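For reference, the structure is listed below as structure tokens.
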Amino acid sequence: MEASVYLWDRQLVENAQGNQEDRIVAFKKDGVFVHFYNPGNDDDKIIGGTLSIVEEGHKRLLEWKPNEANLPADEIDNEHDTQVLSGSSSAVVGTEVQDCSTGQEISSEMRCPPSNEGKESSDPEWTVVNDSGHSKSNSVDHESFELAMDAVPSSQSSPETTVPNYAFSVQLQEIRYIKRSNKGLGWPYIVLEMRDGGTLPTLHFHHKGCKKFLKIVETYVPTAPSTKYPRTIEILQDNPNALAQSFDELNLFGADTSGQHHHPGAFAKKLIQDPVTTAFSGFSKVTNFLQDMLNPAETMPQSRPMHERASVMNEDATEAVGAGRIQIKQDDSSGGFELITCAQLGPRCDPLRGQPLDVETWNNHKDEEGRIIDPDGIKEIIFRGGIEPVLRKEVWKYLLGYFEWNMTQAEIKSYKKDKEDDYYRMKLQWKSISADQENRFSAIRDNKCLIEKDVTRTDRTRIFYEGNENISLKLLNDILMTYVMYNFDLGYVQGMSDLLSPILEVLAGEVDAFWCFVGFMNIVQHNFDVNQMGMKTQLKNLRVLIQFLDPKFWDHLVDKESSNLYFCFRWLLIRFKREFSFEDVQTLWEVSWTGLPCPNFHLLICLALLDTEKQKLMQPECGFTEILKHVNDLSGSIDLEATLRKAEGLYLQLVTCKRDLPETVKDILGLNK
């Protein structure tokens, strides 16, 4: 039997751990143990340590460090700068779990035969080819450790043989699988399998914390339940330029109308080193110049040759998975995922759409004092058919929470006066900042600069916004600047002007448009968080839905290096603003504002779009770049009514088998409430 042998330069590790200035510890858990089980003798060991997830510059590191102070002196190797680790770590399980202190030997009464559960090796035929075409050793930071293979010391080893004291530090993206132990088998443990097939020492959580660890991991790297192993999370491998290329191909931020060109140097280098964090952070505050900084078309191959593409599953396994429907159940007690069964869905219906809400119906739902009677019935009508354009100016104020449904007309009049005062007070705050003050107020200065650039290129083909001296452009600018004062923590983020533009055109009033925009931002605000948790969560949920509803399509996306779903980024960020015509976007938004038929209905709209285009996207020649281009070319040509019917049909199809749905899918669709 073979086990991985890890070597690393201790000085490098100590230097990294000692440099605290650029290190942020995102997760730290004591009481995480490595178990050493040697068949045939009684010198098994438990070594306690601390598990951490650390932000170090652009790196996201997983580190485990033993508690050396508690180890016997003869188990610490102080003579060599390089340590060689060998041995197979196995789960110590039993019906009764005894407390073992750090470094304590495991007696024969405590030891049980090791379990093979969760220790499957990766497919021996798996091959990883990095994007540059170079060998794996040229990948990411391999100076911290090297992987080799050696035999486990046999049971005839000398009694003096000791367990070395060691730590490890690896980048999260270097890990491919995180495999969980079976529930109830003593201490929960995880097996970390590297992308080249090696494994790190098995980590045992004696004092809980495993579930929290997995959740933290998911905030830093894209993950998905493995279709190959049970109770396993797969860390998806990012194409280093994929997100930047997605932004460029989808024209997410538009062109720089200033005509200035900016050197790609620092930002481009940082983007390639850590694409997700850098690009997310950049677009959140200062990404107006992304297209000028990078031209991925010149640096990336258009598609990877077939012989270089990795195969996640062998052919038989792919057929087996594709033939049914994978049910992925989350083990709440441990935070892991388990491949349970294949759930069969019933036929998908094609629901009928209705007529838009008209003036007569709207007035019939008002009482004598102007209160809205049966708002749920109004929402149902809007969900089925939208709103007649002449009514939007009034109804949107209710849908976006500016007015309460039970307000009388007298209450609305008084309320509007108060909100008008609030708006102009906040507007005066930024208007009264002098140029001298602004020079020392970088937050206001930077937000103002971003807004001015975005306003000049937002929907300028619309009559409402055309012309350089158009008053609507000034209102757009003023509302966005006032929102900066309203929400100091978030400020202005690129993409917000796309969301405000239709609202201002429909409401045609500065104050009303502002407060309706606030209501819309309350719905989508987390799309623009600096840490991008809102976008990461939506992409993760969309991956789960695709895996469950269409395993074959998911396998195709994995094969084409598109499982990150970056081609859906623009859809989610600005809620399909650029995918549909301006008129259709208004209908789509008001339908989604009803909250019907479920939370995250916009994710089902994504699924409906992908289902419609699936046959084209699954063509053999359709790789990552081709998928991006195809999605971008859909803009302005999508049938909204057909898409809404299909999205609702998907929902009804899932609801009919609610009992068989995985908990994760139920949570996404709000079926557990």
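What follows draws every value from the coordinates through simple rules; no lab data is involved. What you see is a predicted model; the values in this text were computed from it and never measured. Cβ atoms come from the backbone with ideal geometry, glycine included; neighbour counts cover every protein chain shown.
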Completion exercise
Once ALA508 and GLU466 are pulled to full extension, the length gained, defined as 0.36 nm per residue separation minus their Cα-Cα distance, is 13.6 nm
Practice task
Could you run the Karplus curve 6.51 cos²θ - 1.76 cosθ + 1.60 with θ = phi - 60° over segment 397-402 and give me ³J(HN,Hα) per residue in whole Hz, x for Gly and Pro?
Solution key: 5, 7, 4, 9, x, 5
Problem - Other-chain or far-sequence residues with amide H under 5 Å of VAL32's (modelled H) - result: GLY49, LEU51
Exercise for the section: Give LYS397/LYS666; LYS379/LYS577; LYS45/LYS65; LYS397/LYS419; LYS29/LYS211; LYS560/LYS614 a once-over and call out the pairs whose C-alpha atoms are over 19 Å from each other. Expected result: LYS397/LYS666; LYS379/LYS577
Completion exercise
Plugging the Cβ-Cβ distance of LYS474 and VAL390 into 1/(1 + (r/R0)^6) at R0 = 22 Å yields, to the nearest 0.05, a FRET efficiency of 0.25
Practice task
Could you go through segment 598-614 in sequence order and give the Karplus-derived ³J(HN,Hα) for each residue, using 6.51 cos²θ - 1.76 cosθ + 1.60 with θ = phi - 60°, rounded to whole Hz, and x for Gly and Pro?
Solution key: 6, x, 6, 4, 5, 5, 5, 5, 4, 4, 5, 4, 5, 5, 5, 9, 4
Practice task
Over the alpha-carbon set of segment 400-525, work out the extent along each principal axis and list the three values in angstrom, largest first.
Solution key: 46, 34, 27
Completion exercise
Rounded to 0.05, the calculated FRET efficiency for the beta carbons of ASN531 and ASP422 at R₀ = 25 Å is 0.30
Fill in the blank from the handout: Sorted by chain and number, the residues with a modelled amide H under 5 Å from that of ASP459, at a separation of 5 or more or across chains, are none
Exercise for the section: Return the sequence-ordered ³J(HN,Hα) values of segment 203-209 in whole Hz as given by the Karplus equation 6.51 cos²θ - 1.76 cosθ + 1.60 applied to θ = phi - 60°, using x for Gly and Pro. Expected result: 10, 10, 9, 6, 10, 6, x
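Pulled fully out, how much extra length does the chain show between ASN487 and ASP367, if you take 0.36 nm times their separation in residues and subtract their Cα-Cα distance? Working shown, then result.
Working: separation 120, 0.36 × 120 = 43.20 nm, distance 3.57 nm.
Roughly 39.6 nm would be gained on extension.
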Fill in the blank from the handout: Between THR199 and residues 5 or more places away or on another chain, the pairs with built amide H atoms under 5 Å apart involve SER4, MET194
Problem - Three-way shape label, segment 393-460, alpha-carbon gyration tensor, a/c 1.5 - result: oblate
